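> Quick one: this structure, given as structure tokens, is what I'll be asking you about.
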């Protein structure tokens, strides 16, 4: 299977963490006050990107057990994507109707098939640097929206 | 585990902010109304569990797929 040299930045836990790097991570930390289901102990994350893999990004925990997610803005994989946030979600994010929010659909892989979780996206408010995973009970969108198979 | 017997329209209070009320009892299911403050997340267990599982599966992602090709394709308008 063809793989190129392109890779997202190294996982934080494998990097040499100088005080500068630590400070940089802390400055760019996004708080997840409720954690993420399955990773409730991860309360701070950083969002990493690499030009070669844009628009894919990587959301990585810098607190709690090691956790990193590959993801993408759901609107880039589905033009018609619309997800209404509840008042409670908006409050938790410190957002109002004028806020520009960042959306991140978690990508997973099973048997060489990549899919994005459009059902429960992660939403980040860059102004407040607060994020949370939105869990609509009656979602319109699939948990596994197929992006690509391994066959190029 | 606390176990209560409740009839239709009877409720249970959890603390002073949460109420769980039996609205209807059918043969195969019970309709339950939950009143909770907005900061208390309420979810059907299977949905929470499904998303939890999906997150768990995603975290291990070291795709045997060419991510560059996917990124390239996603960059096309």
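The values are calculated or read from the model by the stated rules, or taken from the named source; none is laboratory data. Here the structure is a predicted model, which is why all the values come from computation and not from measurement. Backbone-built Cβ (ideal geometry, glycine too); neighbour counts: all protein chains shown.
> Go through (1) under 17 Å from residue A:69 (Cβ atoms); (2) more than 14 Å from every other protein chain (Cβ to nearest Cβ); (3) in contact (Cβ under 8 Å) with a residue 60 or more places away in the chain one by one and return the number of the condition residue A:102 breaks.
(3)
> Is it the case that the range B:66-74 has a residue that's more than 9 Å from chain A (Cβ to nearest Cβ) and either touching a strand residue (DSSP E or B) at 6+ places or on another chain (Cβ under 7 Å) or surrounded by 11 or more Cβ atoms within 10 Å (Cβ to Cβ) (or both)?
Within the range B:66-74, the subset more than 9 Å from chain A (Cβ to nearest Cβ) is B:72.
Now restrict to residues that are either touching a strand residue (DSSP E or B) at 6+ places or on another chain (Cβ under 7 Å) or surrounded by 11 or more Cβ atoms within 10 Å (Cβ to Cβ) (or both): B:72.
Yes, the range B:66-74 contains at least one residue that is more than 9 Å from chain A (Cβ to nearest Cβ) and either touching a strand residue (DSSP E or B) at 6+ places or on another chain (Cβ under 7 Å) or surrounded by 11 or more Cβ atoms within 10 Å (Cβ to Cβ) (or both).
> Here's a follow-up. Taking the criterion of being surrounded by 11 or more Cβ atoms within 10 Å (Cβ to Cβ), within 14 Å of chain B (Cβ to nearest Cβ) and either part of a helix (DSSP H, G or I) or modelled with pLDDT of 85 or more (or both), would at least one residue in the range A:1-9 satisfy it?
Looking for residues that are surrounded by 11 or more Cβ atoms within 10 Å (Cβ to Cβ), within 14 Å of chain B (Cβ to nearest Cβ) and either part of a helix (DSSP H, G or I) or modelled with pLDDT of 85 or more (or both), one finds none in the range A:1-9, hence no.
> Out of all the residues in the range A:43-59, which are buried (at least 21 other Cβ atoms within 10 Å of the Cβ) and touching a strand residue (DSSP E or B) at 6+ places or on another chain (Cβ under 6 Å)?
A:45, A:56, A:58, A:59, listed by residue number.
> Quick one: which residue in A:147, A:118 is in contact with a helix residue (DSSP H, G or I) (Cβ under 9 Å, 6 or more places away or on another chain), part of a strand (DSSP E or B), touching a residue at least 24 places away in the same chain (Cβ under 8 Å) and at negative phi?
Working: A:118 fails: part of a strand (DSSP E or B).
Sole residue among the options that is in contact with a helix residue (DSSP H, G or I) (Cβ under 9 Å, 6 or more places away or on another chain), part of a strand (DSSP E or B), touching a residue at least 24 places away in the same chain (Cβ under 8 Å) and at negative phi: A:147.
> Can you tell me which residues in the range A:114-149 are over 12 Å from residue A:85 (Cα atoms), within 10 Å of chain B (Cβ to nearest Cβ) and crowded, with 16+ Cβ neighbours inside 10 Å?
A:114, A:115, A:116, A:117, A:119, A:143, A:144, A:147, A:148
> Of the residues A:82, A:58, which single one is closer than 25 Å to residue A:146 by Cα, free of Cβ contacts under 8 Å to residues at least 12 places away in the same chain and not in a helix (DSSP H, G or I)? Before you say what the answer is, go through the steps one by one.
On the way: A:58 fails: free of Cβ contacts under 8 Å to residues at least 12 places away in the same chain.
Result: A:82 is the single residue among A:82, A:58 that is closer than 25 Å to residue A:146 by Cα, free of Cβ contacts under 8 Å to residues at least 12 places away in the same chain and not in a helix (DSSP H, G or I).
> Within the range A:67-79, track down each residue that is surrounded by 17 or more Cβ atoms within 10 Å (Cβ to Cβ), in a helix (DSSP H, G or I) and more than 8 Å from every other protein chain (Cβ to nearest Cβ).
Correct list: A:74 only.
> So which residues in the range A:90-122 are in contact with a strand residue (DSSP E or B) (Cβ under 8 Å, 6 or more places away or on another chain) and more than 25 Å from residue A:147 (Cβ to Cβ), if there are any at all?
Result: A:92, A:93, A:94, A:95, A:99.
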